[in-house]
Amino acid sequence: MFGWTFIKTQPTQYVIVFRDGQSIREGAGLSMVYFAPTTAMVVVPTGSVNAMFMFEEATVDFQTVTLQGQLVYRIVEPRRIALLLDFSVDSRGRYVSEDPQTLSQRLIDKVRVAVMNEVRTMTLTEALVGGDRLVLRASRALRGDEMVAALGVEVLGLSILAVKPKPETARALEAEVREALLRRADEATYGRRNAAVEQERTIKENELDTEIAVENKRRQVKEAQMDADRAMREKRRTIEREELEGQVAQEECRRQLVELAAANARQEADAKAYGIDAVMKAFAGSDSRVLQALTSVGMKPGQLMALAFREIADNADKIGQLNISPDLLREIMEPREAR
């Protein structure tokens, strides 16, 4: 009313009250009543500001890329920037100039210049993956810029959120990358197949080595068995040879015994023949009856009867009839039964 206006600011707003070109009061978050016709109120925001940006630049290989990012800053020296830019407000608290809105654009222009200088030295592929490099270069440029320092602005952070090529370029890159991935997939498949083949070959070689080792063991076992059989046969032949030698020696002993027995028998036969010859020579001129009588000496009755019957048989042609009584037969038989 009548030119008096009440103003209330936030803690993140720095207020400077000018009257007659002089600062009469200043501070953060002030609330006051002032006379608008003679007083100028400057409100400088000191909170952090997020400024989004997006622009296109060309790489060294003449490919256009779109860069999208975010700049975070705040005003740390409100008095300095108040002397360079118009942050005055009207009685309704609205800025009377567009300087507050141009501050973000000025800083984004600085970011663009720094990014542009870096992108022009990079290829498309390097730009697409070089976001960190661009952020580092732009951050250094902003912190060392004289205008930023003169405005009393502090850069809190800079981020490159996306680096995108043209759609047709992106499709070409996708196709190239897709083909590369497919080649890598094929190589991986071939690698797995080769590894499987190599593993299979290794397994086969191990199996063959195992079979060879088993065959060698079997051969060794067979050789050992053959050696054992050969040794057994050799021992058996030795035993048989010893048995044969023993039999030969035994047969030799028997032959010698037979020869000795034959010699003894010959000598005994010679002795008996000599005795018989002597006896025969002694009885050569004797009567046969006398000899028969001599031979009957010491015979048993039965033998004598046998000789008698023999004499009868020899003279059977001279005997007409011969009667033998039962008593005689009994007498002949009883001595035999007694014997």
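The values are calculated or read from the model by the stated rules, or taken from the named source; none is laboratory data. For clarity, every value in this text was computed on a predicted model and none was experimentally measured. We place every Cβ from the backbone using ideal geometry, glycine too, and count neighbours over all the protein chains shown.
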Listed residues Leu173, Leu158; which is surrounded by 11 or more Cβ atoms within 10 Å (Cβ to Cβ) and touching a Pro at 6+ places or on another chain (Cβ under 7 Å)? Leu173
Of all the residues that make up region 85-119, how many are of a type in the set (A, V, I, L, M) and in contact with an Asp or Glu (Cβ under 6 Å, 6 or more places away or on another chain)? 4
Being among the hydroxyl-bearing types (Ser, Thr, Tyr), over 30 Å from Arg112 (Cβ atoms) and crowded, with 16+ Cβ neighbours inside 10 Å: is that true of Tyr14 here? no
Against the definition (in contact with a Leu (Cβ under 9 Å, 6 or more places away or on another chain) and of a type in the set (Ser, Thr, Tyr)), how does Thr59 come out, yes or no? yes
Val163 passes all but one of the listed conditions (1) over 30 Å from Thr46 (Cα atoms); (2) in contact (Cβ under 8 Å) with a residue 24 or more places away in the chain; (3) among the aliphatic types (A, V, I, L, M); (4) touching a Lys or Arg at 6+ places or on another chain (Cβ under 9 Å); the exception is number (4)
What are the residues in region 67-106 that are aromatic (Phe, Trp, Tyr) and more than 29 Å from Val119 (Cα to Cα), if any? Phe87, Tyr95
If we keep only residues of region 123-134 that are hydrophobic (A, V, I, L, M, F, W, C) and in contact (Cβ under 8 Å) with a residue 40 or more places away in the chain, then the residue surrounded by the fewest Cβ atoms within 10 Å (Cβ to Cβ) is Leu128
Qualifying position, being assigned to a loop (DSSP other than H, G, I, E, B) and touching a strand residue (DSSP E or B) at 6+ places or on another chain (Cβ under 9 Å), among Pro37, Pro11: Pro11
For region 40-67, which residues satisfy the criterion of being in a strand (DSSP E or B), more than 14 Å from Gly93 (Cα to Cα) and of a type in the set (Gly, Ala, Ser)? Ala51, Ala58
Do any helices (runs of 4 or more DSSP H) lying entirely in region 100-184 carry at least 1 residues that are touching a strand residue (DSSP E or B) at 6+ places or on another chain (Cβ under 6 Å), and which ones are they? 124-129, 131-143
Using beta carbons and a limit of 7 Å, which pairs, at least six apart or on different chains, have the first residue in region 88-116 and in contact (Cβ under 8 Å) with a residue 12 or more places away in the chain and β-branched (Val, Ile, Thr) and the second one assigned to a helix (DSSP H, G or I) and crowded, with 18+ Cβ neighbours inside 10 Å? Val111/Ala138; Val111/Leu142; Val115/Leu134; Val115/Ala138
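Conditions (1) charged (D, E, K, R); (2) farther than 30 Å from Lys164 by Cβ; (3) modelled with pLDDT under 90; (4) within 60 Å of the chain's Cα centre (by Cα), marked per residue:
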{"residue": "Thr5", "(1), (2), (3), (4)": "no, yes, yes, no"}
{"residue": "Val15", "(1), (2), (3), (4)": "no, yes, no, no"}
{"residue": "Gln22", "(1), (2), (3), (4)": "no, yes, yes, no"}
{"residue": "Met32", "(1), (2), (3), (4)": "no, yes, yes, no"}
{"residue": "Val72", "(1), (2), (3), (4)": "no, no, no, yes"}
{"residue": "Arg92", "(1), (2), (3), (4)": "yes, yes, yes, no"}
{"residue": "Pro100", "(1), (2), (3), (4)": "no, yes, yes, no"}
